[in-house]
Amino acid sequence: MASLDVIQAIILTLITASTPLLIAAVGELVAERAGVLNLGVEGMMIVGAVSGFAATLQTGNPYIGILAAILAGVLLSILFGFLTLSLVTNQVATGLSLTLLGLGLAGMLGSSFVGTPGVKLQKLDIPFLSDIPFIGPILFGQDILVYVSFALVALVAYVLFRTRIGLIVRAVGENHTSAHALGYSVIRVRYLAVMFGGGCAGLAGGYLSLAYTSLWVEDMTAGRGWIALALVVFSSWLPGRLLLGAYLFGAVGILQIHVQAAGWPIPSQFLSSLPYLATIVVLVVISRNRAVARTNTPACLGQPFVPDR
Amino acid sequence: MRKILGIAAAALALGLGASASLAADKLKIGFIYVGPVGDHGWTYQHNEGRLAIEKKFGDKVETSFVENVSEGPDAERAIERLAREGHDLIFTTSFGFMNPTIKVAKKFPKVKFEHATGYKRAKNVSTYSSRFYEGRYVLGEIAGKMSKTNTIGYIASFPIPEVVRGINAFMLGAQSVNPDMKVKVIWVNSWFDPGKEADAAKALIDQGADIITQHTDSPAPLQVAEERGVYAFGQASDMIKFAPKAQLTAIIDNWNDYYVARTKAVLDGNWASEDVWGGFKDDMVDMAAYTNLPEDVAAAAKDTAAKIESGELHPFKGPIFKQDGTQVIGEGESLDDGTLLGMNWYVKGIDGQLPQ
């Protein structure tokens, strides 16, 4: 079974399975680096999925769908920002309600689109390069969002650790009182970070309904938002590790399916739990070194900020 | 003047009384759904049944439903609410509603209950289910004729008898025309996860399956089949619009006739607690149009379905061997319902192990 074709097929499906996790997680990473814990990723994703699907269906253009998905995620995250940043509600509770709201809202908005075949985002073959045997289709024959996901990770890594803006974001997440004393608007920075996270979550949802599958059904995110949240912790808030984690998670998920299809005598329930087991193992390994874990965790994560007036 | 007013008042009272008694005459029918009506699968088909009742009986009935009822403690509350609101007939449409249904039925002896896919009955609780395996046998036969790689990909949800029975029936159907048939099974451990179902379909095709069938609820595997240029079967509903070139046919859960019949029984006053496990014969399992098939394959499939319907052919007719070679039943006999309902083994020829 381990012919080149099968290996190539595994890698291709692995990329599709990992991309939405990566996109959603990298957005949440930025929000958390700014000190905001938004547990509403799943809710923003599902609203992104339905909005992207609906807009694509209306216009026939999946790229407009992508924009709609991002916009929907951003709008929902502004609501989250307003509640937690302006009204200082509890971030955990608000995030959870955002997920519930998102699931309900998406179900309502999408009720008329259920069972309608959608338009699929086409692969973007790069001429000549995608014809290279084996690696061509893998590296140069993906849909645009796969490239976007890599660009996003690189961009976030660069901005967070190599620019002044990144320094401010991290300062706000690390010690909001000091950042405020230095004259930075903690609330504004957090709003923007939360909106970035929302946009990414919406885009990840759009990926599910436009590229992963081309249909809209209720609950189609199926917990991927929660996995994205876990990946952020898994990565100890570092974009490079996040890329690794998302692909590890995607790989384990896809491999277990191939192992089953190949008929290896391993219980399927065990195989299905492998991605989660892998997450736990890596979390344990990472947190064994407490000092590292602590330095990377934004110190003000989840803490509300009320500026003195 | 006073007289006229009196007459008017009397007429009014009469009118009101008449309409009130009309309302009381309406048979109130309630449904408890486990999923959203828009799932395009299990719950969708049950709701079609509800609409069929409304269409058939019009003003004589009034139906209502509660969707997305989880199979935990909420179910009992939801069922009891419908009973309290004066529903005369209540359909609870998922296996997990069995115990709550029995419990509420005890409290409301005058209300009639119908529970789908369960095995506990009472004087006012009927059970009903469908012999989907009859349809799967036909799918298997088609697959056996259409496959060029002799390999079929089967996307399965959970290793419960219902699903195992489907895999076995499918395999027996395939073997009846093609003894070399292989089935690759992937358990996704979910009824509904379009992404995972799509991944499973891709993996099966990558490993050589050229026909995909599923016992999960989303149309995602069909879309993958359409994209990759292989064939597939629809599940629970006709899914042709998702895969106009790939779908060969689909098993359709048809509750409409049963629901209409049971409603009629209540209206006629002869409803009694029963256990119905219906198949082709009772129109509870239908096949979607046979498309993308050569004429002779479609004709053979129709013929097989007709033979199953008439009772001439039983999908689980002997001789049947288990995977390890032990014989379950000999020539000339067929498996009884009890064995079918508790099936936890693969028939001979299926690769891989059944998760226990």
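Read-outs: derived from the displayed coordinates by stated rules, not from any lab. Model, not experiment: these values are computed from the prediction. Don't worry about glycine lacking a Cβ; one is built from the backbone with ideal geometry, like all the others, and counts go over all protein chains shown.
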Once you place label points 7 Å from the Cα toward the Cβ at B:Glu312 and A:Leu124, how far apart are they in nm? 5.9 nm
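Going by the alpha-carbon gyration tensor, a ≥ b ≥ c the square roots of its eigenvalues, is the protein assembly as shown rounded (a/c under 1.5) or, if a/c is not under 1.5, prolate (a/b greater than b/c) versus oblate?
Values: a/c = 2.15, a/b = 1.25, b/c = 1.72.
Verdict is oblate for the protein assembly as shown.
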Expressed as a rounded percentage, what relative contact order does chain A have, with Cα pairs under 8 Å and six or more residues apart? 36 percent
Space enclosed by the convex hull of the alpha-carbon atoms of region B:47-195, per residue, Å³: 150 Å³
J(HN,Hα) series, region B:109-122, from Karplus relation 6.51 cos²θ - 1.76 cosθ + 1.60, nearest Hz, glycine and proline x: x, 7, 7, 9, 10, 10, 10, 7, 6, x, 10, 9, 10, 8
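I want to check a number: in region B:115-186, how many lysine pairs have alpha carbons closer than 26 Å, given a sequence separation of 8 or more or different chains? Working shown, then result.
Values: B:Lys145/B:Lys182; B:Lys145/B:Lys184; B:Lys148/B:Lys182; B:Lys148/B:Lys184.
Pairs that pass both the separation and distance tests number 4.
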Reduced to Cα centres, the span from region A:124-180 to region A:203-279 in Å works out to 19 Å
When a/c reaches 1.5 or more, the comparison of a/b and b/c decides; with that in mind, is region B:227-356 rounded, prolate or oblate per its Cα gyration tensor? oblate
Please report Rg (one decimal) and Dmax (integer) in Å for the Cα set of chain A. 19.7, 68
Net length gained if the chain between A:Leu139 and A:Leu277 were fully extended (0.36 nm per residue, minus Cα distance): 46.8 nm
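My understanding is that a pair violates if its Cα-Cα distance is over 25 Å; which of B:Lys60/B:Lys112; B:Lys245/B:Lys281; B:Lys196/B:Lys317 do that in this structure? Let's see the in-between values first.
Values: B:Lys60/B:Lys112 17 Å; B:Lys245/B:Lys281 29 Å; B:Lys196/B:Lys317 34 Å.
In this structure, B:Lys245/B:Lys281; B:Lys196/B:Lys317 lie more than 25 Å apart at Cα.
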Putting +1 on Lys and Arg Cβ atoms and -1 on Asp and Glu Cβ atoms, find which of B:Tyr119, B:Tyr154, B:Ala174 reaches farthest to the positive end of the dipole of region B:104-233. B:Tyr119
Taking neighbour counts of Cβ atoms within 10 Å as a proxy for exposure, in what order, fewest first, do B:Arg136, B:Arg81, B:Arg165, A:Arg288 appear? A:Arg288, B:Arg81, B:Arg165, B:Arg136
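With the Cα gyration tensor of region A:68-197 giving a ≥ b ≥ c as the square roots of its eigenvalues, does the rule (a/c under 1.5 for rounded; else a/b larger than b/c for prolate; else oblate) give rounded, prolate or oblate?
Working: a/c = 3.83, a/b = 1.33, b/c = 2.87.
Judged from the Cα gyration tensor, region A:68-197 comes out oblate (a/c at least 1.5, b/c at or above a/b).
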Size of charge dipole - region A:105-187 - debye, nearest 20, with Cβ of Lys, Arg +1 and Asp, Glu -1, no other charges: 220 debye
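Per DSSP H run of n ≥ 4, the term is -39500 (n - 2.57); total these for chain A, divide by its residue number, and report the mean residue ellipticity at 222 nm rounded to 500 deg cm²/dmol. Could the numbers behind the result be given before it?
Working: 13 runs with 215 residues, N = 309.
Result for chain A, helices only: -23000 deg cm²/dmol.
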Toy charge model, Lys and Arg Cβ at +1, Asp and Glu Cβ at -1: the protein assembly as shown dipole around Cα centroid in debye, rounded to 20, equals 2120 debye
Using Cα-Cα distances under 8 Å and only pairs 6 or more residues apart, what relative contact order does chain B have, in percent? 16 percent
Apply 1/(1 + (r/R0)^6) to the Cβ-Cβ distance of A:Leu75 and A:Trp226, taking R0 = 30 Å, and write down the FRET efficiency to the nearest 0.05. 0.90
Could you give me the ³J(HN,Hα) list for region A:18-28, computed from phi with Karplus coefficients 6.51, -1.76, 1.60 and θ = phi - 60°, whole Hz, x at Gly and Pro? 7, 4, x, 5, 5, 5, 5, 5, 5, x, 5
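Could you tally the net charge around A:Ser130, taking each other residue with its Cβ under 15 Å from the Cβ of A:Ser130, Lys/Arg +1 and Asp/Glu -1?
On the way: positive: A:Lys123; negative: A:Asp125, A:Asp131, A:Asp143.
Residues close to A:Ser130 contribute a combined charge of -2.
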How far, in degrees from 0 to 90, does helix B:194-206 lean away from the longest principal axis of the Cα atoms of chain B, to the nearest 10? 20 degrees
Calculate one ³J(HN,Hα) per residue across region B:325-333 by plugging θ = phi - 60° into the Karplus curve 6.51 cos²θ - 1.76 cosθ + 1.60, and present them in order as whole Hz with x for glycine and proline. x, 5, 7, 8, 7, x, 4, x, 10
Could you work out the helix-only [θ] at 222 nm for chain B, with each DSSP H run of four or more residues adding -39,500 (n - 2.57) and the total divided by the number of residues, to the nearest 500 deg cm²/dmol? -13500 deg cm²/dmol
Send over the per residue convex hull volume for region A:226-267, Cα only, as a whole number of Å³. 70 Å³
Taking the Cα atoms only, what angle lies between the long axis of helix B:256-268 and the longest principal axis of chain B, rounded to 10 degrees? 30 degrees
Under the rule of at least 5 residues apart or a separate chain, name every residue whose amide H is placed under 5 Å from the amide H of B:Ile152. B:Lys182, B:Val183, B:Lys184
Residues of type aspartates and glutamates that B:Lys26 reaches as a straight line, Cα spacing below 12 Å, ignoring anything fewer than 8 places off in the same chain: B:Glu54, B:Asp59, B:Glu62, B:Asp88
Rank the residues A:Val159, A:Val252 as a footprinting-exposure proxy: fewest other Cβ atoms within 10 Å of their Cβ go first. A:Val159, A:Val252
Of the candidates A:Ser112, A:Ile46, A:Ala228, the farthest towards the positive dipole end of chain A (Lys/Arg Cβ +1, Asp/Glu Cβ -1, centred on the Cα centre) is A:Ala228
With Cα coordinates, the longest principal axis of chain B makes an angle with the long axis of helix B:2-25, in degrees rounded to 10, of 20 degrees
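Provide A:Phe270, B:Phe316 in ascending order of the number of other Cβ atoms located within 10 Å of each residue's Cβ, fewest first. The partial results should precede the final answer.
Numbers: A:Phe270 11, B:Phe316 22.
With the fewest neighbours first, A:Phe270, B:Phe316 line up as A:Phe270, B:Phe316.
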Where Lys and Arg each count +1 and Asp and Glu each count -1, what net charge lies around B:Asp296 among other residues with Cβ under 15 Å from its Cβ? -1
Here chain B gives, from Cα atoms, an Rg and Dmax in Å of 23.5, 95
Charge dipole of region A:159-279 built from unit charges on the beta carbon (Lys, Arg +1; Asp, Glu -1), centred at mean Cα; most positive-end Cα among A:Phe249, A:Tyr207, A:Ile165 is A:Ile165
Based on alpha-carbon centroids, what's the gap between region A:16-39 and region B:201-255 in Å, whole number please? 33 Å
Over region B:171-248, the quotient of the Cα radius of gyration and 2.2 N^0.38 Å is 1.05
Charges only on Cβ, +1 for Lys and Arg, -1 for Asp and Glu: so what's the dipole of region A:145-219 about the Cα centre, in debye to the nearest 20? 440 debye
Would you grab the residues whose amide H sits under 5 Å from the one on B:Ser129? Only those 5+ places off in sequence or on another chain, please, with H modelled 1.01 Å from N. B:Thr117, B:Val276, B:Trp277, B:Gly278
